[in-house]
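Participant: Here it is, the structure, as structure tokens.
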Amino acid sequence: MPEMIAVYDAVGHEVGAQDRAEVYEQGLWHASAGVLVRSLDGSKVYVHKRTDTKAVFAGMHDCLAGGVLGPGEDPAEAAVRELGEELGIVLGPHDDRPLPLAAAAWDGEWEGRPMRCHLFAYELRYDGPITHQPEEIADGWWWSDEELRSYLEDPHWPFVPDTRVLIGDLLR
């Protein structure tokens, strides 16, 4: 069954919907929302390794729990949804919401094809339990900003390329 996701234009306006596989195959502009989970005291960020079975950026590391937006979906709502799906962080109606942190457009390439995405990043302070969705997250751990930065200095370290464009706005 096709999974419909929102399609955007180059400047960031939603213009329709298309099957996810077609969006990736054709290199269409789409959008994703991700959340940087930071410890309550602000000293650590949650880093994870994507499973080897992911359709995009398989086996790579990331510091944003996130995913693509569905048709008509608000990025902030998608961010909350993805927190629950990927990390098991389910926010109740009275819990603090992730705060907007950064946004960018990434016009890159994945496996020899264009990959174009509008990125919306948020931050949530959190020290509670984390439960990985086994289909998406292979492992995860807490690192200081300095620890993550030291790995990111190696351009060959397998880190999600679209998040790399936001790193300057995500880390302290």
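Participant: From the residues in the range 60-86 that are hydrophobic (A, V, I, L, M, F, W, C) and part of a loop (DSSP other than H, G, I, E, B), which one is farthest from ASP139 (Cα to Cα)? So that I can check it myself, show each step before the final result.
Facilitator: If we filter the range 60-86 for residues that are hydrophobic (A, V, I, L, M, F, W, C), which is where we start, we get 60, 63-65, 68-69, 76, 78-80, 83.
This time we only want the ones that are part of a loop (DSSP other than H, G, I, E, B), so: 60, 63-64, 69.
On the way: MET60: 11, CYS63: 12, LEU64: 13, LEU69: 24 Å.
Filtering the range 60-86 for residues that are hydrophobic (A, V, I, L, M, F, W, C) and part of a loop (DSSP other than H, G, I, E, B), the one farthest from ASP139 (Cα to Cα) comes out as LEU69.
Participant: Residue check, VAL7 against (1) surrounded by fewer than 22 Cβ atoms within 10 Å (Cβ to Cβ); (2) over 13 Å from CYS117 (Cβ atoms), all met but one. Which one?
Facilitator: VAL7 satisfies every listed condition except (2).
Participant: HIS30: part of a strand (DSSP E or B) and either in contact with a strand residue (DSSP E or B) (Cβ under 7 Å, 6 or more places away or on another chain) or surrounded by fewer than 16 Cβ atoms within 10 Å (Cβ to Cβ) (or both), yes or no? Steps first, please.
Facilitator: Details: part of a strand (DSSP E or B): yes; either in contact with a strand residue (DSSP E or B) (Cβ under 7 Å, 6 or more places away or on another chain) or surrounded by fewer than 16 Cβ atoms within 10 Å (Cβ to Cβ) (or both): yes.
Criteria met by HIS30.
Participant: Of the conditions (1) assigned to a loop (DSSP other than H, G, I, E, B); (2) open to solvent by 70 Å² or more (accessible area, probe 1.4 Å); (3) touching a residue at least 40 places away in the same chain (Cβ under 8 Å); (4) not aliphatic (A, V, I, L, M), PHE57 fails just one. Which one is it?
Facilitator: (2)
Participant: Which residue pairs have Cβ atoms closer than 6 Å, lie 6 or more positions apart in sequence or on different chains, and pair a first residue in the range 150-172 that is open to solvent by 20 Å² or more (accessible area, probe 1.4 Å) with a second residue that is part of a loop (DSSP other than H, G, I, E, B)?
Facilitator: Going by the 6 Å Cβ cut-off, the qualifying pairs are TYR151/TRP157; PRO158/MET60.
Participant: Another question, if that's okay. Does the range 87-127 hold any residues that are under 10 Å from VAL35 (Cα atoms), without any contact (Cβ under 8 Å) to a residue 60 or more places away in the chain and in a loop (DSSP other than H, G, I, E, B), and which are they?
Facilitator: Within the range 87-127, no residue meets the criteria.
Participant: Would it be correct to say that LEU152 is in contact with a strand residue (DSSP E or B) (Cβ under 8 Å, 6 or more places away or on another chain), under 23 Å from ALA6 (Cβ atoms) and not acidic (Asp, Glu)?
Facilitator: Taking the combined requirement at face value, the residue does not satisfy it.
Participant: While we're on this one: Can you spot a residue in the range 114-130 that is closer than 16 Å to LYS49 by Cα and surrounded by 14 or more Cβ atoms within 10 Å (Cβ to Cβ)?
Facilitator: Yes: one or more hits.
Participant: Being of a type in the set (Val, Ile, Thr) and either surrounded by fewer than 20 Cβ atoms within 10 Å (Cβ to Cβ) or in a strand (DSSP E or B) (or both) is the filter here; which residues of the range 10-27 pass it?
Facilitator: Within the range 10-27, VAL11, VAL15 qualify.
Participant: Okay, moving on. For the range 64-91, name all the residues that are farther than 22 Å from ILE5 by Cα, surrounded by fewer than 17 Cβ atoms within 10 Å (Cβ to Cβ) and touching a strand residue (DSSP E or B) at 6+ places or on another chain (Cβ under 9 Å).
Facilitator: LEU91
Participant: Please verify whether the range 145-153 includes one or more residues that are assigned to a helix (DSSP H, G or I) and within 22 Å of ALA76 (Cα to Cα). Give the derivation first.
Facilitator: Filtering the range 145-153 down to residues assigned to a helix (DSSP H, G or I) leaves 145-152.
Among the residues that remain, those that are also within 22 Å of ALA76 (Cα to Cα) are: none.
Among the residues of the range 145-153, not one is assigned to a helix (DSSP H, G or I) and within 22 Å of ALA76 (Cα to Cα), which makes the answer no.
Participant: Additional query: May I ask you to list the residues in the range 92-102 that are over 21 Å from MET60 (Cβ atoms) and open to solvent by 30 Å² or more (accessible area, probe 1.4 Å)?
Facilitator: PRO93, HIS94, ASP95, ASP96, ARG97, LEU99, PRO100
The values are calculated or read from the model by the stated rules, or taken from the named source; none is laboratory data. Being a predicted model, the structure only gives us computed values, none of them experimental. Here the Cβ is made from the backbone with ideal geometry for all residues, glycine too, and neighbour counts use every protein chain on show. Only protein heavy atoms, including side chains, enter the accessible area calculation; ligands, DNA and RNA are left aside. Shrake-Rupley method; radii C 1.70, N 1.55, O 1.52, S 1.80 Å.
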